[in-house]
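One structure below.
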Amino acid sequence: RGALQPHPRDHHAAAVVGTGMYSYGGWFEMRHAFDDMWRFDLESYTWTVVQVATAAPAPQARFLVSLQPVGATWLYLVGGELGADEAPRRVYLNDVWAFDTASDTWTLVAPSRCPRDHSVRRLKRTGGRTG
């Protein structure tokens, strides 16, 4: 108690960039989905909330989401599902977002070409490309 840390959750996504493990989304008690980004410093073992620019667009709250590091500073977030608090029925998301860990900003890349199967939670890296 006392130390800053994320609210308990499951079905979130996490990926490592540099000395930080970034965690995004997830849900609590199978109802409320999160839209926050946290960074766990792998050297000091401390959590910090990533302060994303509020004026910039950002992904909506979701769980069952994929997060993949690309290059030295980027994370790609793909798909997910809305929580029961956010949608009265199951809604699967198929958008793709890029997060720049150097500037803490989100960029909408594009919706994916086909609906995402919610049972697939990982991006596949092939030949240096993520697909």
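Residue count for the stretch 92-111, restricted to those that are open to solvent by less than 40 Å² (accessible area, probe 1.4 Å) and assigned to a loop (DSSP other than H, G, I, E, B): 1. Against the definition (at pLDDT 95 or above and of a type outside the set (Gly, Ala, Ser)), how does Met21 come out, yes or no? Yes: the conditions hold for Met21. Scoring Thr48 on the criteria (1) in contact with a Pro (Cβ under 8 Å, 6 or more places away or on another chain); (2) open to solvent by 60 Å² or more (accessible area, probe 1.4 Å); (3) β-branched (Val, Ile, Thr) leaves a single failure, condition (1). Residues considered: Ala87, Ala53, Ala13. Of these, the only one that is open to solvent by less than 20 Å² (accessible area, probe 1.4 Å) and over 15 Å from the mean Cα position of the chain (by Cα) is Ala87. Can you name every residue in the stretch 56-77 that is in a loop (DSSP other than H, G, I, E, B) and open to solvent by less than 30 Å² (accessible area, probe 1.4 Å)? Pro59, Ala61, Arg62, Leu64, Val65 - these are the residues of the stretch 56-77 that are in a loop (DSSP other than H, G, I, E, B) and open to solvent by less than 30 Å² (accessible area, probe 1.4 Å).
The values are calculated or read from the model by the stated rules, or taken from the named source; none is laboratory data. Since this is a predicted model, take the numbers as computed values, not measurements. Glycine gets a Cβ as well: all are built from the backbone with ideal geometry, and neighbour counts include every protein chain shown. In case anyone asks, the SASA skips ligands and DNA or RNA and just uses the protein heavy atoms, side chains included. Shrake-Rupley method; radii C 1.70, N 1.55, O 1.52, S 1.80 Å.
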